[in-house]
Amino acid sequence: MNPERIERLLNQVATGEVTAAKALEELRDLPFQDLEHTTIDTHRELRQGAPEVVFGAGKSGEQLVEILDRIYQSNQRALATRVSRRKARIVEEALPEARYDRLSRLLALGHRPEAKAHPYAVVACAGTSDLPVAEEASQTLEFLGHRVERLTDVGVAGLHRLLDKLETLREAGVVISVAGMEGALTSVIGGLVACPVIGVPTSVGYGISRGGEAALHAMLSSCASGVSVVNIDNGFGAAMVASSIMRSGGKHAG
């Protein structure tokens with residue numbers, strides 16, 4: 001249940017278009033729905049500005065169908081992360097309006113809100129191998145109604161590629177920096193822009209990279225000010241933080 005839907009319903013009650021009993025029926029599911037295997041938080045968008053998002057790993061395809069359908073009915077949109085192709089096929093067969101992206105492993109239902117030109121987010125990834133995490137962040141932001149500028153394969157091994165995008169970076173309301181290996185991209189971007197920078201270490205790298213731990217430690221140790229860091233491969237978490245920053249009044253807001 002989103003604020004716009006409730007405001008419309010209350011206005012209809014005030015004008016007599018909808019009876020109080022009918023409105024009460026529509027509001028009956030607040031603040032949650034119990035599906036036995038899952039308790040859906042239908043009140044979350046009212047509190048936090050975004051509907052509950054489903055973590056697809058560990059859930060069956062059939063559970064995802066039921067959960068996403070209920071969220072969609074309540075919010076007119078729904079999103080699941082880390083969904084395998086097999087589970088996505090099950091959901092798509094049951095819910096034809098579902099859209100699955102193989103790269104990001106996101107599965108979405110409903111229309112995205114129209115994005116404003118400003119503020120916009122930049123999602124920069126160091127290498128092509130980081131794209132699945134970068135796209136998880138980018139597409140989550142777009143699902144939430146934000147404009148996203150993508151900078152792909154701009155890692156420090158070829159710094160000139162990043163410097164060519166300085167104008168785009170400096171006009172952003174927030175930057176998500178996605179990098180594996182030694183994770184140096186985040187510190188470099190942090191030293192170039194005035195907006196908040198969110199580092200996302202990825203599990204990309206050889207040997208001593210230890211599945212992203214080297215990049216995580218490097219980002220946490222960054223000497224660049226204004227840098228924050230989320231967990232390894234957590235593009236979704238970075239997108240939620242970035243969305244909160246922009247909704248709170250980022251650059252060019254208004």
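The values are calculated or read from the model by the stated rules, or taken from the named source; none is laboratory data. Owing to the predicted nature of the structure, the values given are computational and were not obtained by experimental measurement. Here Cβ is always computed from backbone atoms with ideal geometry, including for glycine, and neighbour counts include all displayed protein chains.
Can you find a residue that is surrounded by fewer than 16 Cβ atoms within 10 Å (Cβ to Cβ), modelled with pLDDT of 65 or more and aliphatic (A, V, I, L, M) anywhere in the range 29-40?
Within the range 29-40, one or more residues are surrounded by fewer than 16 Cβ atoms within 10 Å (Cβ to Cβ), modelled with pLDDT of 65 or more and aliphatic (A, V, I, L, M).
Looking at the range 141-150, can you tell me whether even one residue there is aliphatic (A, V, I, L, M), within 27 Å of residue 249 (Cβ to Cβ) and in a helix (DSSP H, G or I)?
Here is the first cut: in the range 141-150, the residues aliphatic (A, V, I, L, M) are 141, 144, 148.
Still in the running and within 27 Å of residue 249 (Cβ to Cβ): 141, 144, 148.
Within this subset, residues satisfying the condition of being in a helix (DSSP H, G or I) are 141.
Looking through the range 141-150, at least one residue is aliphatic (A, V, I, L, M), within 27 Å of residue 249 (Cβ to Cβ) and in a helix (DSSP H, G or I).
Tell me whether the range 179-186 contains one or more residues that are touching a residue at least 60 places away in the same chain (Cβ under 8 Å) and out of contact with any Asp or Glu (no Cβ under 6 Å at 6 or more places or on another chain). Working first, answer last.
The initial filter retains those residues of the range 179-186 that are touching a residue at least 60 places away in the same chain (Cβ under 8 Å), namely 185.
Within this subset, residues satisfying the condition of being out of contact with any Asp or Glu (no Cβ under 6 Å at 6 or more places or on another chain) are 185.
Checked the range 179-186: at least one residue is touching a residue at least 60 places away in the same chain (Cβ under 8 Å) and out of contact with any Asp or Glu (no Cβ under 6 Å at 6 or more places or on another chain).
Determine whether the range 191-198 contains at least one residue that is touching a residue at least 40 places away in the same chain (Cβ under 8 Å) and within 23 Å of residue 105 (Cα to Cα).
yes
Is it the case that residue 111 is at pLDDT below 95 and farther than 20 Å from residue 72 by Cβ?
Numbers: at pLDDT below 95: yes; farther than 20 Å from residue 72 by Cβ: no.
It is false that residue 111 is at pLDDT below 95 and farther than 20 Å from residue 72 by Cβ.
Name the residue that is modelled with the lowest pLDDT, counting only residues in the range 43-79 that are of a type in the set (Ser, Thr, Tyr) and not in a loop (DSSP other than H, G, I, E, B).
Let us first name the residues in the range 43-79 that are of a type in the set (Ser, Thr, Tyr), namely 60, 72, 74.
So of that shortlist, the ones also not in a loop (DSSP other than H, G, I, E, B) come out as 72, 74.
Values: 72: 87, 74: 77.
For the range 43-79, the residue satisfying everything is 74.
Report whether or not residue 121 is in contact with a His (Cβ under 9 Å, 6 or more places away or on another chain) and assigned to a strand (DSSP E or B).
So residue 121 passes the test.
For the structure I just gave you, tell me whether residue 221 is free of Cβ contacts under 8 Å to residues at least 60 places away in the same chain and small (Gly, Ala, Ser).
On the way: free of Cβ contacts under 8 Å to residues at least 60 places away in the same chain: yes; small (Gly, Ala, Ser): yes.
Yes; evaluated as a whole, the condition is true for this residue.
Only one of (1) at pLDDT below 95; (2) surrounded by fewer than 19 Cβ atoms within 10 Å (Cβ to Cβ); (3) touching a helix residue (DSSP H, G or I) at 6+ places or on another chain (Cβ under 9 Å) is not met by residue 82, so which one is it?
So residue 82 meets the others, but not (1).
Listed here are the residues, each with its yes/no results for (1) buried (at least 18 other Cβ atoms within 10 Å of the Cβ); (2) without any contact (Cβ under 8 Å) to a residue 40 or more places away in the chain; (3) outside the structural domain of residue 241 (by TED's automatic domain parsing); (4) out of contact with any Lys or Arg (no Cβ under 9 Å at 6 or more places or on another chain).
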{"residue": "56", "(1), (2), (3), (4)": "yes, no, yes, no"}
{"residue": "61", "(1), (2), (3), (4)": "yes, yes, yes, no"}
{"residue": "77", "(1), (2), (3), (4)": "yes, no, yes, no"}
{"residue": "96", "(1), (2), (3), (4)": "no, yes, yes, yes"}
